[in-house]
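The block underneath contains the structure these notes are about, expressed in structure tokens.
Here, each number is a calculation from the coordinates, and none is a lab measurement. Fair warning: this is a prediction, and the values are worked out from it, not measured in the lab. Cβ atoms come from the backbone with ideal geometry, glycine included; neighbour counts cover every protein chain shown.
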Amino acid sequence: MKKIALIPARGGSKGIHKKNIYTLGGYPLIAYSIASALLCNKIDRVIVSTDSDEIADIARYYGAEVPFKRPDKFAHDRSPNIDFILHALDWMKSNEGSDPDLVIQLLPTTPLRDPKLISDAVDLIVINTTATSLRAVHELPEPPQKMMGINGGFLTGLFQDDPRPEYYNLPRQVFPTSYHPNGYVEIMKTDFVRSGKGLFGPKVLPFVTPVTVEIDRVEEFEYLEYVIEKKGHPLNAYLKSKFPREKT
């Protein structure tokens with residue numbers, strides 16, 4: 001089977017300016033996803049989909065391919081993932097004559113991965129012929145039924161159809177175990193994506209990882225910066241060994 005890693009990296013980030021190339025542990029954020037893909041022995045190619053010339057230049061420096069530029073219409077903050085994935089597949093079909101069998105999406109905002117776990121995820125979906133896709137998740141400490149919203153200035157439960165009075169005050173053990181998709185690895189089967197029935201489909205394999213930090217705010221950057229400084233990380237060590245200086 002032909003397996004590609006596809007790393008999406010828009011240039012326009014509203015929450016954190018240039019988030020995908022924001023420096024973490026001395027290297028741009030996207031370098032970590034590129035490194036984890038290059039170190040995974042089940043991935044044939046590492047491709048970055050971006051609308052930004054700056055990100056494209058940085059991605060190539062760290063070893064990824066950027067064979068095309070993502071059109072602006074697929075690079076808005078509300079653009080669905082299936083659009084840039086289909087764009088990448090269409091480009092490869094038109095320019096290289098073939099599709100990959102699997103698209104392994106690695107989100108830059110989940111930087112600290114173990115390439116061995118990515119490899120395990122690939123193995124899992126390859127042997128499961130009935131699955132339409134795979135998504136990495138980690139177990140939540142509390143179920144969503146314990147979370148609250150604000151309505152009219154007061155806290156309110158999010159599950160108004162639950163008939164139990166103050167159900168959100170019940171022990172967490174009475175609710176099913178819940179899992180949060182964390183962007184560690186997401187694998188789509190090209191045949192299903194091209195079927196027009198969606199991106200992940202009805203039979204999504206769960207791939208349970210350790211609790212994983214996703215970066216959406218500066219606070220997550222600061223926390224992972226602390227983790228790398230105090231404990232180190234194999235991907236950061238790899239980048240230091242291959243690239244003594246950050247590409248900026």
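When the pairs Lys42/Lys242; Lys146/Lys240; Lys69/Lys197 are compared against a 32 Å limit on Cα-Cα distance, Lys146/Lys240 fall above it. With each run of n ≥ 4 DSSP H residues scored as -39500 (n - 2.57), what mean residue ellipticity at 222 nm is computed for the chain after dividing by its residue count and rounding to the nearest 500 deg cm²/dmol? Helices in the chain give a 222 nm mean residue ellipticity of -9000 deg cm²/dmol.
The length gained by stretching the chain between Leu158 and Met1 to full extension, at 0.36 nm per residue less their Cα-Cα distance, is 52.2 nm. Going by alpha carbons, how many degrees (0 to 90, nearest 10) lie between the helix axis of 81-96 and the longest principal axis of the chain? Taking Cα atoms only, the helix is inclined about 20 degrees. Based on C-alpha pairs under 8 angstrom that are at least 6 apart in sequence, the chain has a relative contact order of 25 percent.
Positive-end ranking of Phe154, Pro8, Ile58 along the dipole of the chain, with charges on Cβ about the Cα centre, is headed by Ile58. Between Val211 and Arg60, full extension at 0.36 nm per residue minus the direct alpha carbon distance yields a gain of 51.4 nm. Just check the range 44-96 against the gyration tensor rule for me: Cα atoms, a ≥ b ≥ c as the square roots of the eigenvalues, rounded for a/c under 1.5, and otherwise prolate or oblate depending on whether a/b exceeds b/c. Cα axes put the range 44-96 in the oblate bin.
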